[in-house]
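Every number in this text was worked out from the coordinates using simple rules, so none of it is lab data. As the structure is a computational prediction, the values presented were derived from the model and not from experiment. Neighbour counts run over all protein chains shown; Cβ positions are idealised from the backbone, glycine included.
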Amino acid sequence: MKLIFSSALLFFLSVFSSLTYAACSFDIEVGDYLRFSSTAMSVEKSCGSVTVNLKHSGQLPEKIMGHNWVLSESADVQPVATAGMSAGLAAEYVPQGDARVIAFSEVIGGGQSTSVSFSTDGLTIGEGYTFFCSFPGHSYSMRGLLTVKA
Ligand SMILES: [Cu+2]
């Protein structure tokens, strides 16, 4: 009896965790510090579209402690972040029309929220993707890996 209960619990947990880790919608929180609440995301290509909801629970304004969510191939993070710095806040610290940028949200300050949706059509299973904040100086610590599953 105990074994059946444990198996049922394990089954429930595995279903629950697969829903948690390979979802099509994500809530990520940031604050008055250089860290995303999640440093790894797993999306399924079958999602078609993925949405990231970004919430800044800090108090500092976007000019001082702004954050955004940008996705690129891992090898492109550094050059995109550098180009984003030159683009400035008015361009959300993202180079305009740059094909290396797969998705990006606007820069938000404390108390603000935003979201970004992007298609999974252009994502390749097994490819290394990194999400990061392109606010000047943030990309080194504000980043995480995005994995694409079938
Ligand atoms: Cu940031």
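Here are a few things to note about the model shown:
- Ranking of Y33, Y93 by count of other Cβ atoms within 10 Å, fewest first: Y33, Y93
- Spin-label pair A90/L60, simplified geometry with 7 Å Cα→Cβ offset, distance in nm: 2.4 nm
- Relative compactness, the chain, computed as alpha-carbon Rg over 2.2 N^0.38 Å: 1.15
- Amide H contacts for A23 (H built 1.01 Å from N in the peptide plane; partners 5 or more residues away or on another chain; cut-off under 5 Å): S42.
- 3J(HN,Hα) from dihedral phi, segment 122-128, Karplus parametrisation 6.51/-1.76/1.60, rounded to Hz, x for glycine, proline: x, 8, 9, 5, x, 6, x
- Cα pair distances in segment 83-139, grouped into 10 Å bins until the bin that holds the longest one, percent each: 19, 52, 26, 3
- Distance between segment 114-150 and segment 68-110 - C-alpha centres, whole angstrom: 11 Å
- Amide H contacts of M142 (H built 1.01 Å from N, under 5 Å, at least 5 apart or other chain): C133
- Percent RCO, i.e. relative contact order, over the chain, from Cα pairs under 8 Å lying at least 6 residues apart: 29 percent
- Shown in residue order for segment 36-42 are the 3J(HN,Hα) couplings computed by the Karplus curve 6.51 cos²θ - 1.76 cosθ + 1.60 at θ = phi - 60°: 8, 5, 10, 10, 8, 9, 10 Hz (x for Gly and Pro).
- Neighbour-count order for L89, L71, fewest beta carbons within 10 angstrom listed first: L89, L71
- Exposure proxy ranking, count of Cβ atoms within 10 Å, fewest first, for D121, D32: D121, D32
- Under a model in which nothing but the beta-carbon of Lys, Arg (+1) and Asp, Glu (-1) is charged, the chain shows a dipole of about 420 debye around its Cα centre.
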